[in-house]
Structure formats: structure tokens, C-alpha cells
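Below: one structure, written as C-alpha cells.
The values are calculated or read from the model by the stated rules, or taken from the named source; none is laboratory data. These numbers were taken from a predicted model, which means no experiment stands behind them. Virtual Cβ from ideal backbone geometry, glycine too; neighbours counted across all protein chains shown.
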Amino acid sequence: MTDHPAHPEPVIRVRNLVKRFGDLTVLNGVNLDVYPGETMVIMGGSGSGKSTMLRNMIGSLKPEEGSVELFGQDICGLGEDEMNNVRKKFGILFQSGALFNSMTVGENVALPLQEHTDLDPEIIRIQVAIKLELVGLREARDRYPGQISGGMKKRAGLARALALDPKILFYDEPSAGLDPVTSAEIDQLILALTKQLGVTSVVVTHEMDSAFTIADRMAMFDKGRMLCVQSREFFEKLRDTPKDKLADLSDDQRLIRQFLRGDPEGPLTERKSGEGYEQELFGEGYEPTETVPSIQTTRSKVAAALEDDDD
């Protein structure tokens with residue numbers, strides 16, 4: 001389901017995307033538009049396909065079917081040189097920061113400018129200072145990654161992602177591994193950069209506090225399917241739906257609500273507890289004729305067998 005007011009042409013357009021690894025279909029006919037200047041949050045549980053979606057959007061994976069367009073250009077059939085030209089238009093903040101440990105923070109940020117431009121070294125020095133100032137890290141310019149905190153590494157990685165003045169920023173779990181205060185600081189930084197620079201942001205996360213802070217729109221993945229693409233307000237309303245109104249929700253909406261709330265009971269946990277248990281124990285094609293034994297039943301049988309041995 002999608003709902004979006006009139007917009008200019010999307011800067012990212014994904015159509016009927018299918019990605020497989022062997023016999024496993026990880027993305028199954030996914031469609032998504034991302035518009036200029038918005039922050040799109042892609043969320044879902046582990047194994048839902050959200051990280052694979054990101055990797056297809058940045059061109060590090062090629063789909064079996066469908067298309068991914070950046071700036072109106074289908075990147076799926078591009079050669080490496082052509083893809084490198086497209087990559088200059090976007091930046092990526094990797095989950096770990098992905099800094100080079102043998103280089104200072106300033107050298108890490110300077111690297112894209114040295115590799116992809118003909119700028120004078122003095123201009124690069126100034127550009128590095130500007131990018132580090134944007135993320136509040138100018139004082140750490142001469143430190144090595146091993147000398148700074150996890151949150152500072154994320155900010156340094158973000159400064160490097162900004163080096164070439166990208167039109168799109170991709171974030172892979174920007175809050176992962178951070179304490180709540182540092183995570184909130186990263187969220188505010190994402191908001192500030194979006195406002196100051198007008199960039200389009202795509203954020204993959206399963207941190208709901210972060211998602212509801214930064215998102216304009218949100219996309220929910222489950223088992224390779226796109227369940228819903230809607231405004232943040234839509235998801236807030238769904239999250240806050242009281243229990244006595246659950247009958248009014250569809251199966252997918254109840255699943256999304258459980259994920260947003262982190263409830264221990266609901267469609268997600270019911271599905272996990274019932275998926276393939278008998279087949280895992282007894283093999284494919286097993287047709288149970290009675291309830292699978294519980295741990296308690298098994299313990300009872302063991303106790304009875306021990307009593308028989310004593311006799």
C-alpha cells in the first residue's frame with residue numbers, strides 16, 4: 001500500500017525488484033519511490049531483505065529481475081566505470097563507519113576528494129575542515145580511528161560520505177552499537193544535514209526510536225515483501241492502535257504493529273513458533289498425527305523410563 005502526494009520525479013525508483021541467492025528469494029517484486037529531499041526509513045526484522053535492498057540501491061548487488069533507477073538512470077546494466085560515475089553522486093555511511101585504521105580522520109575524509117577530483121591539496125584541506133565541522137568533529141582531524149569513540153567513528157564516516165557533496169545519503173544501521181544518548185545525537189545530525197544540505201536520505205534501521213525521529217516516510221519489509229510504504233504519521237497511528245481495535249486491522253497491519261511496538265506476542269512470534277518445527281525434527285513430508293511432544297512430556301517419559309530401570 002502506498003500513499004504520497006504529488007511530487008517531482010523520484011531520485012530513486014525501484015520497480016519489480018527480485019533478488020535471489022541460490023534457491024532463496026530475498027526480495028520478491030519490490031517497488032519503491034524515494035523523492036528529493038525526503039528521509040525514507042527502510043525497516044524490518046532480521047532477514048526481511050532491507051539490507052539486500054540497500055545493496056541493490058547502491059549497485060553492489062545486481063537483481064535477477066526488475067530495475068533500480070538513480071537520477072533517472074537504470075543502474076542494473078551499467079559497467080563498472082559508468083557505475084563509478086553514478087556513485088560520485090551519493091554517499092554511504094556504513095554500519096561500522098568503515099574507516100581506514102592506518103589513516104587519520106582527516107585523511108579518511110580527504111580520500112574521496114583525492115581519488116575522484118583534481119582539486120588542489122589546499123582546497124582539499126579546506127573541504128575536509130568544512131565536512132568535519134558539519135558533523136562536529138573538526139578537533140579530531142589528526143586522530144586515528146583507534147583513538148576515537150564509536151559515535152565519533154560514525155560521524156567521521158558521515159563526514160567522508162559528504163566529501164563529494166552527494167545528492168543522496170545512504171545510511172546502514174546508523175545507530176547500531178551506540179548508547180542511547182549517542183544514538184540520539186546521530187539522529188539529530190541526520191535531521192540537521194537533511195535540512196542544511198537538502199540531501200535525500202535512505203536509512204536502513206530496526207531502531208524504532210530513531211526511525212520515528214528522522215523519517216518522513218517509512219517502508220516495512222517482511223520476508224522479502226514490501227508490506228507498506230506510508231508516512232511516519234500513518235505508522236505512528238498504527239503503532240498506537242489499542243488492543244480492542246486489532247480486529248479492524250489486516251494481517252499485515254497487525255504484524256507491523258507488533259514490530260513497531262516490540263510486543264512479545266503477536267503474528268511475528270506466532271509465526272516463528274509454528275514454522276517448520278515438526279519438519280526440522282522428523283524431516284520433510286512429515287505429517288503429524290498428534291501434537292509434537294513438549295519438553296515437559298519428554299521429561300515425564302525419561303522419568304518413567306528411569307523408574308522402570310530401578311525396578
- [ ] Determine whether the range 145-166 contains at least one residue that is more than 26 Å from GLY37 (Cβ to Cβ), free of Cβ contacts under 8 Å to residues at least 24 places away in the same chain, over 22 Å from the mean Cα position of the chain (by Cα) and in a helix (DSSP H, G or I).
- [x] yes
I'd like to know if the range 70-91 contains one or more residues that are within 28 Å of LEU227 (Cβ to Cβ), touching a His at 6+ places or on another chain (Cβ under 9 Å) and not aliphatic (A, V, I, L, M). no
Heads up, the helices (runs of 4 or more DSSP H) in the range 51-142 (entirely inside) with at least 3 residues that are in the same structural domain as GLY22 (by TED's automatic domain parsing) and closer than 30 Å to ASN31 by Cβ are 80-87
Within the range 174-185, residues in a loop (DSSP other than H, G, I, E, B) and either among the aliphatic types (A, V, I, L, M) or in contact with a Phe, Trp or Tyr (Cβ under 9 Å, 6 or more places away or on another chain) (or both) come out as ALA176, LEU178
When the range 183-239 is checked residue by residue, the ones that are farther than 17 Å from ILE168 by Cα and among the acidic types (Asp, Glu) are GLU185, GLU207, ASP209, ASP222, GLU233, GLU236
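For (1) surrounded by 15 or more Cβ atoms within 10 Å (Cβ to Cβ); (2) among the aromatic types (Phe, Trp, Tyr); (3) under 30 Å from ARG143 (Cα atoms), each residue gets a yes or a no:
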residue	(1), (2), (3)
GLU64	no, no, no
CYS76	yes, no, no
GLU82	no, no, no
GLY106	yes, no, yes
LEU113	yes, no, yes
THR117	no, no, yes
ILE126	no, no, yes
